[in-house]
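A.B. asks: Have a look at the structure that comes next, please.
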Amino acid sequence: MTRLSGAVRGVVAVLVALLTVTAASTTARANADPVAPADFVALRTVDPTILQEMRYFTPHNFVGARIDGYRQPICILTRPAAEALHQAQTNLLSQGYTLKVYDCYRPQRAVNHFVRWAEDLNDETTKREFYPNVDKSRLFEDGYIAEKSGHSRGSTMDLTIVKLPATPTRPYVPGEPLVPCYAPQQQRFPDNSVDMGTGFDCFDTLAHTLDPRIQGRQRANRTLLKSTLEALGFVNLAEEWWHYTFKPEPYPDTYFDFPVSARSLAQGH
């Protein structure tokens, strides 16, 4: 009987060990990050000449901190969007300009981070630069923040134009004085972009692409970006001069959540 009990105990121990391993494996799979589909690419592999200043990897954005899901400062897009952007870059290079992207694919967890920030009405650290004239309680109602973003579908990007030769933009120093995003270019935070009338992510009607108050060289710069991209199938969001989506989108109804990292691409390919 003692021998039998020992054998039973051995079998039980083996079963417990197997169940533990299985449970750990299941937990690991559950906690593993999703990966990108095979037709997502790093923009650099399609066009290494396009400048990248990935603002949500840095604290210089309307939240004031690196955004969830941005593990590396790289632009990821669906391949059709990246290849169309390469064509736009070729056209601009011949005119003495280069494209610069501020944001590309954006995981859903980053959008969730935006929502949490917008719901915290006490955090107005970046108000003076990014939304001087907008009450934070109206960010959802006025359409500046939403629970879903086209960026999460992989074919939307935020971008601008830089005159060549491009001079690097100095890094943002957390805590430095903020200046309204619609101030004259020489007063705003330094950006090697041509003057578009406002900075990137400016929560103000002056950022509307065709706002009639934007004239002269600023309007010409917006028009150059718009005409170059629209000729290749991109569609502008009228409320943001920097926001374009390549059409037709490969994933018009899918909102991805894999992190912005080379690992997300390597594992999905």
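The values are calculated or read from the model by the stated rules, or taken from the named source; none is laboratory data. Here the structure is a predicted model, which is why all the values come from computation and not from measurement. With ideal geometry, Cβ positions are generated from the backbone for all residues, glycine too; neighbour counts draw on all protein chains shown.
Residues are listed down the side, and each one gets a yes or a no for (1) modelled with pLDDT under 95; (2) under 11 Å from the mean Cα position of the chain (by Cα); (3) buried (at least 18 other Cβ atoms within 10 Å of the Cβ); (4) under 14 Å from Met157 (Cβ atoms):
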| residue | (1), (2), (3), (4) |
| --- | --- |
| Ile76 | no, yes, yes, yes |
| Ala81 | no, no, yes, yes |
| Asn91 | no, no, no, no |
| Cys104 | no, yes, yes, yes |
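A.B. asks: Asn221 is checked against (1) crowded, with 18+ Cβ neighbours inside 10 Å; (2) in contact with a helix residue (DSSP H, G or I) (Cβ under 7 Å, 6 or more places away or on another chain) and fails just one. What number does that condition carry?
C.D. replies: Here Asn221 meets the rest and fails (2).
A.B. asks: Please go through (1) in contact (Cβ under 8 Å) with a residue 40 or more places away in the chain; (2) touching a helix residue (DSSP H, G or I) at 6+ places or on another chain (Cβ under 9 Å); (3) crowded, with 16+ Cβ neighbours inside 10 Å for Thr169 and return the number of the only condition it doesn't satisfy.
C.D. replies: Every condition holds for Thr169 apart from (2).
A.B. asks: Still on this model: Mind telling me which of the residues Arg138, Arg153, Arg128, Arg106 ends up being without any contact (Cβ under 8 Å) to a residue 12 or more places away in the chain, in the same structural domain as Ile74 (by TED's automatic domain parsing) and not polar (S, T, N, Q)?
C.D. replies: That would be Arg138, the only listed residue that is without any contact (Cβ under 8 Å) to a residue 12 or more places away in the chain, in the same structural domain as Ile74 (by TED's automatic domain parsing) and not polar (S, T, N, Q).
A.B. asks: If you don't mind, there's one more thing I want to ask. Any idea which of (1) under 30 Å from Tyr251 (Cα atoms); (2) surrounded by 19 or more Cβ atoms within 10 Å (Cβ to Cβ) is the one Thr198 doesn't satisfy?
C.D. replies: Looking at each condition in turn, Thr198 falls short on (1).
A.B. asks: Name the residues in region 219-242 that are touching a Ser or Thr at 6+ places or on another chain (Cβ under 8 Å), of a type outside the set (Phe, Trp, Tyr) and not in a loop (DSSP other than H, G, I, E, B), would you?
C.D. replies: Passing the criteria: Arg222, Leu225, Lys226, Val235, Asn236.
A.B. asks: Further, regarding this structure: Taking the options Arg3, Arg44, name whichever one is modelled with pLDDT under 95 and in a helix (DSSP H, G or I).
C.D. replies: Unique residue meeting the criteria: Arg3.
A.B. asks: Would you confirm whether any residue within region 243-251 is in contact (Cβ under 8 Å) with a residue 40 or more places away in the chain, crowded, with 18+ Cβ neighbours inside 10 Å and assigned to a loop (DSSP other than H, G, I, E, B)?
C.D. replies: yes
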